[in-house]
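Here, each number is a calculation from the coordinates, and none is a lab measurement. Here the structure is a predicted model, which means the values were calculated and not measured. For neighbour counting, all protein chains shown are included, and Cβ atoms are generated from backbone atoms with ideal geometry for every residue, glycine included.
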Amino acid sequence: MTTTHDEQFLSVFLDEQAFGIPILQIQDILRTQQLTHIPLAAESIEGVMNLRGRIVTAINFRKRLHGDSDHRANSMSVVIEHDNELFSLIVDEVGEVLSIPADQIEITPSTLNPFWHEVATGVFQLNGKIIVLLNPTKLFQLNGGKS
C-alpha cells in the first residue's frame, strides 16, 4: 500500500487569484511596513525595510506577476529567504496554510499565463478554483516579471 505525503503551502492572493508558497520557505508574515525607496531599482522592487537588523528587499508581487502598479493599502508582506538574503513579497491578502496531498498536485497547464508558468511548480484545485503553486527561487531569478 502506497502512502502519499502532504505538502504545506501558505495561500496568498492577488485580487481573487490564489497562489501557494511552500511554508518551509517562509520566514515571516508582516503587515504593511515603512519602505525606503531604492533609486534605479527594477520596477517591481518597492524598496527595502529593516527586519530585526536585516535588510529585506520588498517586491511588489502584483508588478512582478501582472505588470500592474497598484497594491492594496492593507496589503501584507510574506518574507522569504533566498540565497542568504531576505525578500518580502507584497501581496493583497494572506490566506491559510493548506495541506495538499502531493499526488493531487497537477502539472502546470500550458494555458496558464506564460510568466506564471515559468514560476509555478504545479496547480491544485480547491473548491472549483485553481491555486498556482509557486517556486519562489524561480520568482527571484527572473528579471522583468511582466506577463
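Could you please rank 133, 98, placing first whichever residue has the fewest other Cβ atoms within 10 Å of its Cβ?
Working: 133 24, 98 18.
Ascending Cβ contact count within 10 Å gives the list 98, 133.
Counting other C-beta atoms within 10 Å, which of 62, 54 has the fewest, and how do the rest follow? Intermediate results must be reported in sequence, preceding the final value.
Numbers: 62 22, 54 12.
Final ranking by Cβ density, sparse to dense: 54, 62.
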